[in-house]
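Presented below is the structure to which this report refers.
Quick note: the coordinates plus some simple rules give every number you see, no bench work behind them. Not measured: the values here are computed from a predicted model. Please note: Cβ atoms are built from the backbone with ideal geometry, for glycine as well, and neighbour counts cover all protein chains shown.
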Amino acid sequence: MVAAWASAKSFKPKDGSGDDDVGPSRNAERNFRGKKRSNETHESTTDPEAKLYRKGDGQPAILCYIGHALMENRNGLIVGGLVSQASGTAEREAALALLDRHTEGTRRTLGADKAYDVTEFVNDLRGRSVTPHIARNDYVTKTGKRRKSAIDARTTRHAGYTISQRCRKRIEEGFGWIKMQAGMAKIRFRGTAKVDAAFVLTLAAYNLIRLPKLLAAPS
């Protein structure tokens, strides 16, 4: 998640109704209590392309974009990236878009976390000759039943699956550097196109930081 250069106060009804500013000043307080706000009915007056989104239960919803990166496992270098508007399906849609940029005919694998364990997405990967090395999301539900994972023994029985699950976590090193060292936890641009350009440039910088260590490592 890349926090947008827009405050929660700017998230107002699209039809202009429901002015809930409190006080006479230009930067007046706003009262959100008891009011339902969604991306369908509201948008930011500062950055209309930013969406209100939260990563998981118990976390605050913020105006943001989502940055996506595709990493190769051998060296941990980023081979593709893009920024999209935030939504519950953005990660899977972006993953397919990034994969489609690499159209070489050889069979490939894709490592990913439990959020990608969705039957439709797994089928989309197989249709692209990509083996889904995705973490199984087979948690026990509130009813006591175990969720059915789209990843079965056809995939998990191979040693490569275990290797992918270990290597895929290196993507967090890149995201950590992007947020902390490169300062992209909160972007200072507005609009998807500008945020995307800044994000991709930062991914390239991350690769450049990594290259000296890779070149100095024994072969």
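Quick look at the numbers
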quantity: Residues whose placed amide H lies under 5 Å from that of Ala86, excluding near-sequence neighbours; calculated: Lys51, Ile66
quantity: Computed magnitude of the charge dipole of the chain (debye, nearest 20; Cβ of K, R +1, Cβ of D, E -1); calculated: 740
quantity: The chain: antiparallel DSSP beta bridges as a percent of all, rounded to 5; calculated: 75
quantity: On Cα atoms only, tilt of 171-180 relative to the major axis of the chain in degrees; calculated: 30
quantity: Whole-angstrom gap from the range 170-189 to the range 78-155, using each part's C-alpha centre; calculated: 23
quantity: Translational diffusion of the range 49-219, µm² s⁻¹ [Kirkwood Rh, Cα pairs; Stokes-Einstein; 20 °C; 1.002 mPa s]; calculated: 122
quantity: Modelled FRET efficiency - R0 30 Å, Leu201 with Ser129, Cβ distances, 0.05 increments; calculated: 0.45
quantity: Approximate spin-label separation Asp15-Asp57, in nm, with each point projected 7 Å along Cα-to-Cβ; calculated: 3.3
quantity: Asn137-Arg170 pseudo-label distance in nm [points 7 Å out on the Cα-to-Cβ vector]; calculated: 2.5
quantity: Crossing angle, helix 90-100 versus the chain [Cα axis fit, 0-90 degrees, rounded to tens]; calculated: 40
quantity: In degrees, nearest ten, helix 192-216 long axis to first principal axis of the chain (Cα); calculated: 40
